[in-house]
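The values are calculated or read from the model by the stated rules, or taken from the named source; none is laboratory data. This one's a predicted model, so the numbers in the text were calculated from it and none came from an experiment. Using ideal geometry, Cβ is built from the backbone for each residue, glycine included, and neighbour counts are taken over all protein chains shown.
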Amino acid sequence: MIELRTPAQIEQMRPAGRFVGEVLTALAAKAAVGVNLLELDELAHQMIRDRGAESCYIDYHPSFGASPFGKVLCTSVNDAVLHGLPHDYALEDGDLLSVDFAASVDGWVADSALSVVVGTPRQEDLDLIEVTGRALDAAIAQAQPGNRLGDISAAIGDVARAAGLGINLQFGGHGVGRTMHGEPHVPNDGRAGRGLKLRPGLVLALEPWFLHTTDEIYTDEDGWTLRSQDGSRGAHMEHTVAITADGPLVLTERAA
Ligand code: MG
């Protein structure tokens, strides 16, 4: 079922969005050569406790997961791109790190992700992150009342294709509200002018993710982490966006 939120409910979602943005800002600032993924998870966990928020991940156990997730953060490094289970690994120079974080504040969920390079970057990794961010911006620009869901999907796909990147349709965006994953599913490619009509009150997590040279992934033996089939690196950018009568409102906007 697709649920629409009132303007008052969207206002109530702002603290969750602000908190998730603050956590990602703190994680991006902490991520550096030598920092362990478990330290990043612990930082996010401490911020959850301090805020009185609730993790959306720690007890998460969907059909595709091997067991309850057990951590509050997804940390995906290099050829890992989604659902990375934090483990005992110290970041190395040039690593491409994607962090995905969702939490509930006052009963409302926000979900957001970003990618960064720690230490000395490879130009191709910076380019991949830039394209992924541009796809997210293009998607947000289409999150307008009267548009169709396919306009958002097509905007993401167009950016990827123009950059010569493949697109995987297994995992994409989703509705967000009282829980992390609601309808509709938002594929990262589609046909403009098709699909659900976008109305004020629809709140979506939009999340393009791309790999350098493949669109195929496999699940790591940890049962969660999704890695590229060919070992190429991935990037992932996500915001929670409310469609309002005035246009898109990015709830998880981070301070610059
Ligand atoms: Mg997310």
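In contact (Cβ under 8 Å) with a residue 12 or more places away in the chain, within 29 Å of residue 58 (Cα to Cα), away from the ligand (no atom under 16 Å from the Cβ) and surrounded by fewer than 15 Cβ atoms within 10 Å (Cβ to Cβ), is that true of residue 211? Considered against the rule, which asks whether it is in contact (Cβ under 8 Å) with a residue 12 or more places away in the chain, within 29 Å of residue 58 (Cα to Cα), away from the ligand (no atom under 16 Å from the Cβ) and surrounded by fewer than 15 Cβ atoms within 10 Å (Cβ to Cβ), residue 211 comes out as no.
Select the strands (runs of 3 or more DSSP E) contained entirely in the range 132-249, then report the ones holding at least 1 residues which are closer than 26 Å to residue 37 by Cβ.
Values: elements: 173-175, 182-186, 203-206, 209-211, 217-219, 226-228, 234-236, 239-244.
Those strands (runs of 3 or more DSSP E) span 173-175, 203-206, 209-211, 217-219, 226-228, 234-236, 239-244.
Any chance the range 102-117 includes a residue that's over 18 Å from the mean Cα position of the chain (by Cα), more than 15 Å from the ligand (Cβ to nearest atom) and more than 18 Å from residue 38 (Cα to Cα)? For the range 102-117, residues over 18 Å from the mean Cα position of the chain (by Cα), more than 15 Å from the ligand (Cβ to nearest atom) and more than 18 Å from residue 38 (Cα to Cα): present. Listed by position, the strands (runs of 3 or more DSSP E) enclosed by the range 4-113 that each have at least 3 residues that are closer than 23 Å to residue 183 by Cα and in contact (Cβ under 8 Å) with a residue 60 or more places away in the chain are 96-105. With the requirement that a residue be away from the ligand (no atom under 16 Å from the Cβ) and buried (at least 20 other Cβ atoms within 10 Å of the Cβ), what does the range 153-200 give you? Hits for the range 153-200 are 153, 154, 155, 157, 159, 160, 165, 167, 189, 190, 198.
Being at pLDDT 95 or above, under 27 Å from residue 59 (Cα atoms) and in a loop (DSSP other than H, G, I, E, B): is that true of residue 252 here? For residue 252, the condition - at pLDDT 95 or above, under 27 Å from residue 59 (Cα atoms) and in a loop (DSSP other than H, G, I, E, B) - is met. Scanning the range 82-101 for residues that are more than 12 Å from the ligand (Cβ to nearest atom) and more than 15 Å from residue 40 (Cα to Cα) yields a total of 2. Restricting attention to the range 214-256, the residues that are of a type outside the set (Asp, Glu), buried (at least 17 other Cβ atoms within 10 Å of the Cβ) and within 22 Å of residue 190 (Cβ to Cβ) total 14. Only a single criterion out of (1) closer than 23 Å to residue 77 by Cα; (2) in contact with a strand residue (DSSP E or B) (Cβ under 7 Å, 6 or more places away or on another chain) is not satisfied by residue 193, namely (1).
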